[in-house]
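Since the structure comes first, as structure tokens, the remarks are kept for the end.
The values are calculated or read from the model by the stated rules, or taken from the named source; none is laboratory data. These numbers were taken from a predicted model, which means no experiment stands behind them. Cβ placement follows ideal geometry from the backbone for every residue including glycine, while neighbour counts extend to all protein chains displayed.
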Amino acid sequence: MKNLIKLEQRLIDEEIGSAGKLLDIGCATGENIIYFSQKCFEVTGFDLSEEMLKESKEKVEKLGLSIKLVKGNVCDMNMFKDNSFDYVLCMFTLMNLKDEVLQKQAINEMKRVCKLNGKIFIMVHNSDEGKVIFGDWFDKKFEYRIFNKDEIKNLIEGINLKIEKIDIVGEGKYIFSVCSKI
Ligand SMILES: C[S@@+](CC[C@H](N)C(=O)[O-])C[C@H]1O[C@@H](n2cnc3c(N)ncnc32)[C@H](O)[C@@H]1O
């Protein structure tokens, strides 16, 4: 898990500046919110799970960081105004949404809350074989939707976001995409 987080952070670091407002959708146990807060970004962590947010909160408080933590569903982020964030991260969270209608709603919401010329990062599991895998995240079992590159490309372009980059990474296991709101 640690290696995957490091990979995520390295890929994002290559694409972002040194400050700005950053929203981490599906922040889970807080690794990325802490990392980017310590790099001086103004960070909001967002997750559907009370349990995950509680874990994040404990870590954030222990470190004395100032990070907003918000509970909600990525498909309806009405608590955030339009054009609020410079960077929107959705790392291994789109895969929790099993049908295309929800996936499109989620990407639409990411676009809405992202500032003009801001960047949206979407990372998912990559495979041409099958549609669902079973994974775990800190002992909790999840059923994940998996994608291939064309499916992700079509989803993102269907929402009229510009794809700046879409790469297969992690020895073929993941798709990392960088999109901009134009
Ligand atoms: C695999 S974890 C993501 C981990 C983290 N983003 C990373 O890459 O290190 C998926 C997270 O998405 C959250 N999640 C699932 N469905 C969601 C939804 N509809 N809206 C917001 N968060 C959701 C889960 O509670 C979980 O914390």
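Taking region 28-58 as the range and being under 21 Å from PHE80 (Cβ atoms) and in contact (Cβ under 8 Å) with a residue 60 or more places away in the chain as the test, only ALA28 passes.
Filter the strands (runs of 3 or more DSSP E) completely within region 1-118 down to those with at least 2 residues that are closer than 20 Å to SER177 by Cα and in contact with a helix residue (DSSP H, G or I) (Cβ under 8 Å, 6 or more places away or on another chain). Quick ask: steps written out before the conclusion?
Values: elements: 21-25, 42-47, 68-71, 85-91.
Result: 21-25, 85-91.
Per-residue answers, yes or no, for (1) crowded, with 22+ Cβ neighbours inside 10 Å; (2) more than 7 Å from the ligand (Cβ to nearest atom); (3) modelled with pLDDT under 95:
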{"site": "ILE25", "(1), (2), (3)": "yes, no, no"}
{"site": "TYR35", "(1), (2), (3)": "no, yes, no"}
{"site": "GLU50", "(1), (2), (3)": "no, yes, no"}
{"site": "GLU58", "(1), (2), (3)": "no, yes, no"}
{"site": "LYS62", "(1), (2), (3)": "no, yes, no"}
{"site": "VAL70", "(1), (2), (3)": "no, yes, no"}
{"site": "ASN83", "(1), (2), (3)": "no, yes, no"}
{"site": "CYS90", "(1), (2), (3)": "yes, yes, no"}
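Here GLY170 meets each of (1) touching a Lys or Arg at 6+ places or on another chain (Cβ under 9 Å); (2) within 25 Å of LEU11 (Cα to Cα); (3) at pLDDT 95 or above with one exception, condition (1).
Restricting attention to region 141-163, and to residues there that are of a type in the set (D, E, K, R), touching a residue at least 24 places away in the same chain (Cβ under 8 Å) and within 15 Å of the ligand (Cβ to nearest atom), which single residue is surrounded by the most Cβ atoms within 10 Å (Cβ to Cβ)? Selected residue: ARG145.
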